[in-house]
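I have placed the structure first, in the form of structure tokens, so that the comments after it can refer back to it.
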Amino acid sequence: MNATHPIAGRDELFARFMQVLSTRTLRHVAEEARLDGESLKEAVERYEIDYAWQVLGSQRLQDACLVVLGARLESRVSDAQRACLVDVLQSAATAQPTDALMSFDNDVPEHLTTLLCAWFDQQSALATEAA
């Protein structure tokens, strides 16, 4: 899927995922709310903003990612694939600064699915070559 930019290993998969995450500080969220003419409370409610570690570690995001991954694979997500997805999300949650904010309205499922599918394809090709 991603032949021009292969993902060598789990650490690189994680690093690429971390690069696509969109987090904000409270100050940035407040400034955006002010520019939109709304209160911080309204912005937080409208965009469903929470701490990034909370969003990334949530069952809600995990479920959304599994749905998108299953659709892209056009099959049931295997236990190994699910474990990999959960590991990346939990590792990303742990790596977040305590003050980083993130919206539940995000594109994490699509980005993570793209990276995981490329990585799964690469792992499959490596296993085939080794056999």
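Of the residues that sit in segment 40-80 and are of a type in the set (Gly, Ala, Ser) and surrounded by 15 or more Cβ atoms within 10 Å (Cβ to Cβ), which one is modelled with the lowest pLDDT? Here the residue is Ala43.
Within segment 81-94, being among the aliphatic types (A, V, I, L, M) and surrounded by 15 or more Cβ atoms within 10 Å (Cβ to Cβ) holds for Leu85, Val88, Leu89, Ala92, Ala93. Evaluating Thr98 against the criteria (1) in contact (Cβ under 8 Å) with a residue 12 or more places away in the chain; (2) exposed (fewer than 15 other Cβ atoms within 10 Å of the Cβ); (3) of a type in the set (Ser, Thr, Tyr); (4) assigned to a helix (DSSP H, G or I) leaves one unmet condition, (4). So, Glu48, is that one without any contact (Cβ under 8 Å) to a residue 24 or more places away in the chain and of a type outside the set (A, V, I, L, M) or not? Spelling it out, it is not the case that Glu48 is without any contact (Cβ under 8 Å) to a residue 24 or more places away in the chain and of a type outside the set (A, V, I, L, M). List the pairs whose first member sits in segment 20-42 and is more than 19 Å from Trp53 (Cα to Cα) and assigned to a helix (DSSP H, G or I), whose second member is among the hydroxyl-bearing types (Ser, Thr, Tyr) and open to solvent by less than 70 Å² (accessible area, probe 1.4 Å), and whose Cβ atoms are under 8 Å apart, counting only residues at least 6 apart or on separate chains? Pairs that qualify, where the first residue is more than 19 Å from Trp53 (Cα to Cα) and assigned to a helix (DSSP H, G or I) and the partner is among the hydroxyl-bearing types (Ser, Thr, Tyr) and open to solvent by less than 70 Å² (accessible area, probe 1.4 Å), are Ala33/Ser39.
Specify the residue that is farthest from Glu45 (Cα to Cα); the eligible residues are those in segment 115-131 that are touching a residue at least 24 places away in the same chain (Cβ under 8 Å) and open to solvent by less than 70 Å² (accessible area, probe 1.4 Å). It comes out as Gln122.
For segment 101-124, taking the residues that are assigned to a helix (DSSP H, G or I) and of a type in the set (Asp, Glu), the one that is modelled with the lowest pLDDT is identified as Asp121. Only one entry in Arg34, Arg10 is within 30 Å of Gln123 (Cα to Cα) and open to solvent by 50 Å² or more (accessible area, probe 1.4 Å), namely Arg10.
When segment 13-31 is filtered for residues that are surrounded by 13 or more Cβ atoms within 10 Å (Cβ to Cβ), closer than 15 Å to Thr113 by Cα, out of contact with any His (no Cβ under 9 Å at 6 or more places or on another chain) and not aliphatic (A, V, I, L, M), only Phe14 remains.
The values are calculated or read from the model by the stated rules, or taken from the named source; none is laboratory data. Computed from a predicted structure; not experimentally measured. All Cβ positions, glycine included, derive from the backbone under ideal geometry; neighbour counts span all protein chains shown. The accessibility values were calculated without ligands, DNA or RNA, using every heavy atom of the protein model including side chains. Shrake-Rupley method; radii C 1.70, N 1.55, O 1.52, S 1.80 Å.
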